[in-house]
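Asks: Sending over a structure as structure tokens; questions will come in a sec.
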Amino acid sequence: MNERPEDWFDTHAPEVPSPGNDADDAPPPYEPPGEPIERAKPNFRTLAKFCAEFRPISYAVARLMREGSLYTLTGRTGEGKTAFLVLLALAVATGRGQELIGRRVKRGRVAFCTAENPDDLRMRFMVACYIFGIDLEIIGRDILISDNRVAPEDIVAWIRETGETFTLILIDTWQAYFDGRDPNNNAEAVNFTRRFRPLAKIDGQPAVIIAAHPPKQAGDDNLLPYGGGGTLNEVDGNFTFRRDENGLFRLHWLGKIRGLQFDPIYFRIDKLDSPDVVTVEGDRVQMPVMFPVDEEAVEARGDALAKRGMALLKAIAADPNGSERKWAAAINVNRRVVQGAINALKADRLVVKKLRRWRLTPQGERLAAEAS
């Protein structure tokens, strides 16, 4: 094997880019906005001093949302996130927590940051205040709204400069405020969420809730914000909001909750209007208004829907070549109700659509026969 001469590397080494070449013209590596994270130093102290730093836990919403904490509220589009935030804001600002959300609240001021659909939010608040008998003038500065897209640092700076204090800060939504390059990039998503943490540490120690959409096609068991586990490490809990099989809206948690775990809390949505929210022709515009639902009502609703499903199952068995209209008449409901009930039966694998007609599955046939 031929050996290379000693000066071979001097003549064959790769060329080092010189000033002015393409290497210097290349764009700098991406650095996400926000304050740089300083390297922390150990903070050792005695156990006695460590325990002496304990402060009684204070909740903005009793046994649910701690003050000085950062949460995400993850739910798919159209499944009640904004309706809940409107109700939550009114509950805290008025102190009417038990009535409006079924939980005691600490009465205080609310900052609502919206960049997704401010016009829609305005109408939602107007109708909700009318329905609940809340005077906008009396609310005054207890609810402040910011309706433009700014960086999290700008929100923190404004609050510090003005000296405003809040019990609750709401962000609608994570996606609307995201200012990075790619929300699907976990590192960017985690860093962006981290930038909201200072809001929970400002004077007043507010609870901060960021409404967020989950990744596309996320199921009920995967309602997590963008960034997944990395984002969960940056927050104190991930609340979830979704529509359940009974048609109610369900507040729970998934992935992480710092503090007390809790059973699902249920709400319903009614489409209502007010004399002030109208079209140019004077027609009232209906908006979704949310109401709490107690456990007994949840159980009663579930029982009623189960009975309706069984009645429909028997109607299909009695008239397998019938139509949705005929089955609706047989069980004395309208066609829209039948369509919803059929979807529930389909989810339970009791019916299946073949040749554009609904048919009972073998399991559905057995259940209908047992009920007859």
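Asks: For K354, give me every one of the aspartates and glutamates with a C-alpha distance below 20 angstrom, ignoring sequence neighbours fewer than eight places off in its own chain.
Replies: Cα-Cα hits under 20 Å: D319, E324, E365.
Asks: Once the Cβ-Cβ distance between R197 and C51 is put in as r, and R0 is 25 Å, what FRET efficiency do you end up with, to the nearest 0.05?
Replies: Here the calculated transfer efficiency is 0.55.
Asks: What FRET efficiency, computed as 1/(1 + (r/R0)^6) with R0 = 45 Å and r the Cβ-Cβ distance, is obtained for I131 and N186, rounded to the nearest 0.05?
Replies: So the FRET efficiency works out to roughly 0.65.
Asks: Cut-off is 10 Å between beta-carbons; in what order do R325, R242 appear when sorted fewest neighbours first?
Replies: Least crowded to most crowded, the residues run R325, R242.
Asks: What span do the alpha-carbon atoms of the chain cover on each of the three principal axes, reported in whole Å from largest to smallest?
Replies: 95, 73, 59
Asks: Note the full-extension length gain between A317 and R104 as 0.36 nm times their separation in residues minus their Cα-Cα distance, in nm to one decimal.
Replies: Extra length from A317 to R104 when fully extended: 71.8 nm.
Asks: Subtracting the Cα-Cα distance from 0.36 nm times the residue separation, let me have the gained length for D263 to A62 in nm, one decimal.
Replies: Working: separation 201, 0.36 × 201 = 72.36 nm, distance 1.35 nm.
Gain in length upon complete extension: 71.0 nm.
Asks: Can you put C51, C129 in order, fewest other beta carbons within 10 Å first?
Replies: C51, C129
Asks: At a Förster radius of 30 Å, what calculated FRET efficiency corresponds to the Cβ-Cβ distance of F44 and K256, to the nearest 0.05?
Replies: Result of the calculation: an efficiency of 0.65.
Asks: So, one more: Please tell me the relative contact order of the chain in percent, rounded to the nearest whole number, where contacts are Cα pairs under 8 Å and at least six residues apart.
Replies: Relative contact order here is 16 percent.
Asks: Also, I was wondering about something else. Express in whole angstrom the spacing between the alpha-carbon centres of segment 257-297 and segment 305-372.
Replies: That distance is 30 Å.
Asks: Next question, about the same structure. Residues with amide H under 5 Å of V351's amide H, sequence separation 5 or more or different chain, H placed in the peptide plane at 1.01 Å from N; which?
Replies: Sorted by chain and number, the residues that satisfy this are K346, T361.
Asks: Let me ask you something else. Evaluate the distance, in nm, between pseudo-label points positioned 7 Å from the Cα of A306 and of T361 along their respective Cα→Cβ axes.
Replies: Taking the simple label geometry, A306 and T361 are separated by 1.9 nm.
Asks: What share of the DSSP beta bridges in segment 59-293 is antiparallel, in percent to the nearest 5?
Replies: If we restrict to bridges inside segment 59-293, about 45 percent are antiparallel.
Asks: Can you give me the C-alpha center-to-center distance between segment 35-111 and segment 170-215, rounded to a whole angstrom?
Replies: What the calculation gives is 15 Å, centre to centre.
Asks: For a 29 Å ceiling on Cα separation, which of these pairs sit above it: K81/K346; K41/K216; K216/K314?
Replies: Pairs exceeding the cut-off: K41/K216; K216/K314.
Asks: With θ set to phi - 60°, apply the Karplus curve 6.51 cos²θ - 1.76 cosθ + 1.60 along segment 166-178 and write out the HN-Hα couplings as whole Hz, x wherever there is a Gly or Pro.
Replies: Once rounded to whole Hz, the list reads 9, 8, 9, 10, 10, 10, 10, 10, 4, 5, 5, 9, 4.
Quick note: the coordinates plus some simple rules give every number you see, no bench work behind them. As the structure is a prediction and not an experimental result, all values here were calculated from the model. All Cβ positions, glycine included, derive from the backbone under ideal geometry; neighbour counts span all protein chains shown.
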